[in-house]
Amino acid sequence: MEFKQWYMEYKIHKNRPGLLGDIASLLGMLEVNILTINGVENRTRGMLLQTNDDEKIEILGRMLQKVDNITVLKLREPKLVDILAVRHGRYIERDSDDRKTFRFTRDELGMLVDFLGEVFKREGNQVIGLRGMPRVGKTESIIAGSVCSNKRWTFVSSTLLRQTVRSQLSEEEMTPNNIFIIDGIVSTIRSNEKHHALLQEIMAMPSTKVIEHPDIFVKESAFEYSDFDYIIELRNTPDEEISYESFTMGFNDF
């Protein structure tokens, strides 16, 4: 069997000396490698493991059920949120009703860039919406995530570059490996027919598209929320309200 990764997370009831060493020894005897280990919020520890024998993971789970000082919370093939939790020591906040919505604040930009970088590495069609007020770091995070994933980025529309509205892209830019950055306000409220045709072509490509202000994009176009794989919310503070009225009024004049 080929090597697979597993995520194990356990809650510590009594953090006695040598507890981690005992668990590491057990993993060593089973020949299960520890790739990454970190505390994950409060008295919880997460591990990214690797083994070429799934049965060893089943045995590990049953054995750890008999350890009184801990309770195993998760033992599964790692999800993206698990990998980031081990790296950063905390889970990304998710909407309890809409599980594809993830929330970040400005002081978590490093975690957001890491999240985007991992998502951008995936091949095929992906549509990502990014909500947030002006100057909160949306575009900068997308670019940094593109760098982390070793992919190029292309502005299709943007307010960062003097309200750019592209009507055509070069052959080099029109490749599925590019990250296409779209401003949902500029592309719908201040677009022309050529830009609209280009937008339709890009949205149909098997590539990653990141749409800033996805709510306006959905409201002013034929696309729906179901077209999005992820919705990311970025705020200056956790209680900041994302309101579009303050920065969409000027676009109606065009």
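The values are calculated or read from the model by the stated rules, or taken from the named source; none is laboratory data. The structure presented is a predicted model; accordingly, all values stated were derived computationally and were not measured. For neighbour counting, all protein chains shown are included, and Cβ atoms are generated from backbone atoms with ideal geometry for every residue, glycine included. These accessible areas exclude ligands, DNA and RNA; they are computed on the full protein's heavy atoms, side chains included. Shrake-Rupley method; radii C 1.70, N 1.55, O 1.52, S 1.80 Å.
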**Asked** Of all residues in region 163-184, how many are acidic (D, E) and surrounded by 14 or more Cβ atoms within 10 Å (Cβ to Cβ)?
**Response** 2
**Prompt:** For region 40-47, does any single residue satisfy the condition of being farther than 25 Å from I232 by Cα, in a strand (DSSP E or B) and among the charged types (D, E, K, R)?
**Reply:** yes
**Message:** Which pairs turn up if I take residues in region 221-234 that are in contact (Cβ under 8 Å) with a residue 60 or more places away in the chain and look for partners that are buried (at least 18 other Cβ atoms within 10 Å of the Cβ) and basic (K, R) with beta carbon separation below 8 Å, at least 6 apart in sequence or on another chain?
**Reply:** I231/R131; I232/R131; E233/R131; L234/R131; L234/K138
**Asked** L160: under 25 Å from the mean Cα position of the chain (by Cα), farther than 29 Å from D97 by Cβ and open to solvent by 20 Å² or more (accessible area, probe 1.4 Å), yes or no?
**Response** yes
**Request:** Working carefully through the options T139, T154, T175, T188, find the one that is assigned to a helix (DSSP H, G or I) and free of Cβ contacts under 8 Å to residues at least 40 places away in the same chain.
**Result:** T188
**Prompt:** Is it true that V67 is at pLDDT below 95, of a type in the set (V, I, T) and not in a helix (DSSP H, G or I)?
**Reply:** yes
**Breaking point among (1) touching a Ser or Thr at 6+ places or on another chain (Cβ under 9 Å); (2) assigned to a loop (DSSP other than H, G, I, E, B), for D239** = (1)
**Item:** Set N15, N42, N52: member being open to solvent by 50 Å² or more (accessible area, probe 1.4 Å), out of contact with any Asp or Glu (no Cβ under 9 Å at 6 or more places or on another chain), more than 30 Å from K100 (Cβ to Cβ) and polar (S, T, N, Q)
**Value:** N15
**Request:** Scan region 106-122 for residues that are open to solvent by 30 Å² or more (accessible area, probe 1.4 Å) and either small (G, A, S) or touching a Pro at 6+ places or on another chain (Cβ under 8 Å) (or both) and jot them down.
**Result:** G110
**Item:** V113 being among the aliphatic types (A, V, I, L, M), at pLDDT 95 or above and on the phi < 0 side of the Ramachandran plot
**Value:** yes
**Message:** Checking the conditions here, which among R76, R99, R131, R103 is under 30 Å from K219 (Cβ atoms), modelled with pLDDT of 95 or more, of a type in the set (K, R) and surrounded by fewer than 18 Cβ atoms within 10 Å (Cβ to Cβ)?
**Reply:** R103
